[in-house]
């Protein structure tokens with residue numbers, strides 16, 4: 001077992017883990033962050049996507065040790081049930097999902113996309129989400145949700 | 001039949017309300033079964049067969065049981081000698097017996113303090129197998145000398161629908177076309193895994209698992225373990241995208257058996273490989289047949305022979321091919337369908353079962369006939385598809401239809417049974433064609449719209465249908481309870497696989513009771529409070545569950561109005577109404593009482609607040625005899641004749657699901673169907689090892705599905721509403737016809753691009769073979 005200090009959603013956690021522990025497992029099982037969804041476990045489906053220092057990474061493809069000293073953001077740190085982030089609001093309003101399993105990962109990738117290119121076209125949105133599988137086939141509404149989120153973020157920005 | 005004959009303006013039905021668990025989904029707080037834990041839980045792992053077909057001569061668990069941390073092991077010796085069969089025949093067998101019927105079949109299971117120890121212990125079980133001859137090809141499995149996979153024999157009785165005389169029909173036809181089509185096995189490719197947690201308390205068992213069919217799970221446990229239904233509680237949790245995969249599956253019963261033996265709660269979580277290779281898949285299917293038409297394009301005769309494999313434990317004889325009804329105007333018809341067991345992983349219902357495959361083949365036959373007639377495929381379909389009031393051939397010609405007596409009190413209420421209740425497919429085709437620009441884009445059979453170098457573009461149109469639930473094995477039910485503050489609980493065992501049924505059902509309750517949908521909570525998974533229902537299968541939910549939900553709501557409503565008229569508001573119950581949570585007299589609205597006050601006021605006669613529990617009091621007609629959902633899809637494709645790749649450029653999905661309960665919920669159902677259907681058309685197919693039948697692509701790397709950039713971003717949906725006389729507020733089923741319309745539209749477009757018909761999926765390899773390039 002080794003000691004590991006993780007910074008997740010602004011909180012510091014001191015953990016003792018096996019050196020080979022996978023980041024997704026530690027976040028889910030040790031810290032109870034079930035929003036880190038694990039489906040394929042081999043980097044194909046994108047469900048376990050989190051942001052590490054603001055960039056999307058696949059938590060199932062990383063050792064927990066690799067996250068030491070980094071700022072991690074999981075879906076739990078984005079908005080709360082009562083106080084959703086504008087991207088989450090947009091997905092709720094536009095029905096950007098059915099089963100919801102891929103949703104946390106897609107929302108976090110969207111955050112990065114809209115920071116990088118807020119005026120993304122539908123094709124650019126589709127391409128930027130190509131690492132995520134939505135097996136329900138809600139892609140048309142996911143793209144609409146991302147567009148609506150961009151609008152919401154722009155409006156919010158304007159208010160400031 | 002009149003369309004949109006809804007007289008009452010609707011206030012909640014028809015609104016695109018966000019789905020009820022949307023906030024849980026976007027915050028990642030929704031719990032699937034894999035996230036569920038109970039105190040003192042052990043972890044289980046299943047030992048799976050490395051052989052396609054074997055008899056267990058001996059099994060020694062002593063080393064596994066001796067491993068520190070192990071609580072116990074179950075083998076077939078611990079399993080009751082009882083067969084359990086899922087309602088829709090997707091599994092029939094013991095929980096465990098002394099035979100393995102496919103690579104990956106369950107042989108034993110271990111419970112231990114953690115999953116790692118359970119995995120180690122599984123490896124310590126020593127099994128002495130007697131290898132038996134195996135069979136993987138469905139046609140080989142039908143041969144008289146084939147190894148028999150199950151005790152009942154490989155071949156199920158052929159299921160035959162027949163009217164007229166097909167041979168005479170063919171003779172009388174002006175043109176005749178013949179063809180065949182093969183389908184690989186599509187997989188659900190589930191995002192999100194599944195788990196099962198079972199806990200015994202005395203002689204009662206509780207099971208948590210992600211499932212669309214809580215009641216079917218409960219019935220299966222009672223049957224497989226030989227316990228009364230009253231001793232079984234199933235709490236069905238939300239699942240990741242299921243599409244028919246997570247109903248009742250044998251791994252759940254293995255968990256229940258293991259928990260019984262070790263007398264503590266046990267959780268078994270399936271890994272990705274187990275999800276792909278050991279549970280269930282769409283059948284491997286093969287169709288052949290012929291079609292005859294008169295010169296004017298009228299259908300005269302259709303004959304189809306279709307076989308599908310059930311894998312190791314499937315037991316279906318009739319996949320439900322409503323497409324026979326769709327083209328039932330043909331003067332003569334014969335559809336013979338046969339299920340057959342093989343030593344492949346179990347096959348069963350997947351979204352649109354039967355209509356995705358056999359329906360696509362029928363459309364191919366139609367196209368082959370239209371080619372000979374030099375007729376536009378759109379015109380051909382418009383001329384021949386079923387219309388409201390036409391007989392539903394699948395049942396119309398059976399003894400069932402002859403013997404069936406409509407109860408006298410229902411004679412005026414029910415539509416004509418064994419005939420189609422309503423249909424807007426015609427409108428879907430005509431309006432869709434206009435929106436898509438069919439006239440401009442259709443250049444004739446085998447003629448591309450454009451050729452640029454090695455790339456050829458062309459268009460196609462196809463249709464799909466499916467039922468709106470069936471009566472098989474029981475009557476769907478629901479309970480509506482009104483609480484002291486006027487809020488309402490609906491209990492209806494539909495499961496929660498994400499399509500939004502809790503929301504649409506709540507909209508029905510809100511509409512019927514005159515209250516806000518926010519005041520309604522829906523329990524869809526707990527069999528302790530939900531009455532029996534089919535679950536979310538066979539497009540039951542909107543239509544049949546919706547009917548009972550509405551009926552139970554109306555019953556609750558009447559109970560309220562009856563008491564209100566007796567004590568608080570002068571008048572007859574029929575003169576009262578409820579709107580926005582207020583009970584009032586329709587002619588004297590100043591006489592009113594808020595529902596919350598009504599529910600918390602002590603009645604003068606009982607000296608207690610009222611007890612309002614609504615149950616379905618209205619009899620539901622057999623819906624399989626009247627209602628169908630319809631889809632018509634238009635696709636524009638580009639085929640690269642050098643690489644063999646097919647790209648979707650444009651896609652329009654039109655849909656008739658009756659009244660739209662919630663447009664955005666429906667749009668997701670339709671896009672989902674179109675995308676999964678297109679995935680099957682183009683890339684999705686399971687690969688089995690030729691020698692062992694083992695699944696060789698049990699993961700998302702090797703089993704390809706369509707991703708966001710693979711589907712046109714300019715995808716459009718168009719809804720044409722018919723009004724069903726039985727469905728709630730005129731609504732019908734939605735999820736399964738869209739997946740059936742994809743293959744026909746895409747296959748026809750590909751034919752028009754390259755002049756050849758392909759099997760499914762239409763992979764680059766098949767395209768290049770079709771072009772004679774490899």
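The values are calculated or read from the model by the stated rules, or taken from the named source; none is laboratory data. Predicted, not measured: the structure shown is a model, and the values here were computed from it. Neighbour counts are summed over all protein chains in view; Cβ atoms, including those assigned to glycine, are modelled from backbone coordinates with ideal geometry.
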Notebook entry, point to check: Can you name the residue in the stretch B:251-274 that is within 24 Å of the chain's Cα centre (by Cα) and farther than 13 Å from residue B:196 by Cα and, of all such residues, is nearest to the other protein chains (Cβ to nearest Cβ)?
Noted result: B:272
Item checked: Those residues of the stretch B:237-250 which are within 14 Å of chain A (Cβ to nearest Cβ) and either in contact with a helix residue (DSSP H, G or I) (Cβ under 8 Å, 6 or more places away or on another chain) or farther than 14 Å from residue B:220 by Cα (or both), in sequence order -> B:237, B:238, B:239, B:240, B:241, B:242, B:243, B:244, B:245
Notebook entry, point to check: Pick from the stretch B:13-24 the residues that are in contact (Cβ under 8 Å) with a residue 60 or more places away in the chain and within 10 Å of chain A (Cβ to nearest Cβ): which of them is nearest to residue A:78 (Cα to Cα)?
Noted result: B:21
Check: Of all residues in the stretch B:152-189, which are over 30 Å from residue B:259 (Cβ atoms), crowded, with 22+ Cβ neighbours inside 10 Å and either modelled with pLDDT under 95 or within 14 Å of another protein chain (Cβ to nearest Cβ) (or both)?
Finding: B:186
Check: Restricting the search to the stretch A:114-160, which residues are surrounded by fewer than 22 Cβ atoms within 10 Å (Cβ to Cβ), at the interface with chain B (Cβ under 10 Å from one of its Cβ atoms) and free of Cβ contacts under 8 Å to residues at least 12 places away in the same chain?
Finding: A:121, A:123, A:124, A:127, A:130
Next item on the list: Could you tell me whether the stretch B:645-668 includes any residue that is surrounded by fewer than 20 Cβ atoms within 10 Å (Cβ to Cβ) and either facing chain A (nearest Cβ under 10 Å) or in contact with a helix residue (DSSP H, G or I) (Cβ under 6 Å, 6 or more places away or on another chain) (or both)?
Entry: yes
Next item on the list: Have a look at B:430, B:504, B:470 and point out the one that is touching a residue at least 24 places away in the same chain (Cβ under 8 Å), buried (at least 23 other Cβ atoms within 10 Å of the Cβ) and either more than 14 Å from chain A (Cβ to nearest Cβ) or in contact with a helix residue (DSSP H, G or I) (Cβ under 7 Å, 6 or more places away or on another chain) (or both).
Entry: B:504
Note to self: Let me confirm something: among B:362, B:344, which residue is touching a helix residue (DSSP H, G or I) at 6+ places or on another chain (Cβ under 6 Å) and touching a residue at least 12 places away in the same chain (Cβ under 8 Å)?
What the structure shows: B:362
Next item on the list: Just give me the residues in the stretch B:190-226 being surrounded by fewer than 23 Cβ atoms within 10 Å (Cβ to Cβ) and assigned to a loop (DSSP other than H, G, I, E, B), in sequence order.
Entry: B:202, B:203, B:226
Notebook entry, point to check: In the stretch B:26-70, how many are in a helix (DSSP H, G or I), without any contact (Cβ under 8 Å) to a residue 12 or more places away in the chain and under 29 Å from the mean Cα position of the chain (by Cα)?
Noted result: 2
Check: Any idea how many residues of the stretch B:190-210 are on the phi > 0 side of the Ramachandran plot and modelled with pLDDT of 95 or more?
Finding: 1
Check: What number of residues within the stretch B:689-715 are facing chain A (nearest Cβ under 10 Å), buried (at least 18 other Cβ atoms within 10 Å of the Cβ) and touching a strand residue (DSSP E or B) at 6+ places or on another chain (Cβ under 8 Å)?
Finding: 4
Margin query: Give me the helices (runs of 4 or more DSSP H) completely within the stretch B:375-446, filtered to those with at least 3 residues that are at pLDDT 90 or above, ordered by residue number.
Written below: B:377-384, B:425-436, B:438-441
Next item on the list: Would you mind stating whether residue B:17 is under 28 Å from residue B:198 (Cα atoms) and at pLDDT 95 or above?
Entry: no
Checklist line | Output for the stretch A:26-42, where each listed residue is buried (at least 19 other Cβ atoms within 10 Å of the Cβ) and either within 12 Å of chain B (Cβ to nearest Cβ) or in a strand (DSSP E or B) (or both) | finding: A:27, A:28, A:33, A:34, A:35, A:36, A:37, A:38, A:39, A:40, A:41
Item checked: Residues of the stretch A:92-105 classified as without any contact (Cβ under 8 Å) to a residue 60 or more places away in the chain, under 13 Å from the mean Cα position of the chain (by Cα) and assigned to a helix (DSSP H, G or I), total -> 1
Check: Any idea which residue in the stretch B:761-774 is surrounded by the fewest Cβ atoms within 10 Å (Cβ to Cβ), counting only those that are within 33 Å of the chain's Cα centre (by Cα) and closer than 15 Å to residue B:647 by Cα?
Finding: B:765
Check: Hey, does the stretch A:43-59 have a residue that's surrounded by fewer than 23 Cβ atoms within 10 Å (Cβ to Cβ), away from chain B (no Cβ under 14 Å), at negative phi and part of a loop (DSSP other than H, G, I, E, B)?
Finding: no
Note to self: Need the failing condition index for residue B:686 against (1) modelled with pLDDT under 95; (2) closer than 28 Å to residue B:773 by Cα, just the number.
What the structure shows: (1)
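Among the residues of the stretch A:83-96 satisfying the criterion of being within 7 Å of chain B (Cβ to nearest Cβ) and over 9 Å from residue B:26 (Cα atoms), which is surrounded by the fewest Cβ atoms within 10 Å (Cβ to Cβ)?
Our first condition is that a residue be within 7 Å of chain B (Cβ to nearest Cβ); within the stretch A:83-96, this holds for A:84, A:88, A:91-93, A:95.
The next check asks that each one be over 9 Å from residue B:26 (Cα atoms); those that pass are A:93, A:95.
Details: A:93: 17, A:95: 27.
My answer is A:93.
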Check: What residue, of B:359, B:354, is assigned to a helix (DSSP H, G or I) and surrounded by 24 or more Cβ atoms within 10 Å (Cβ to Cβ)?
Finding: B:359
Check: Listed residues A:103, A:80; which is buried (at least 18 other Cβ atoms within 10 Å of the Cβ) and within 8 Å of another protein chain (Cβ to nearest Cβ)?
Finding: A:103
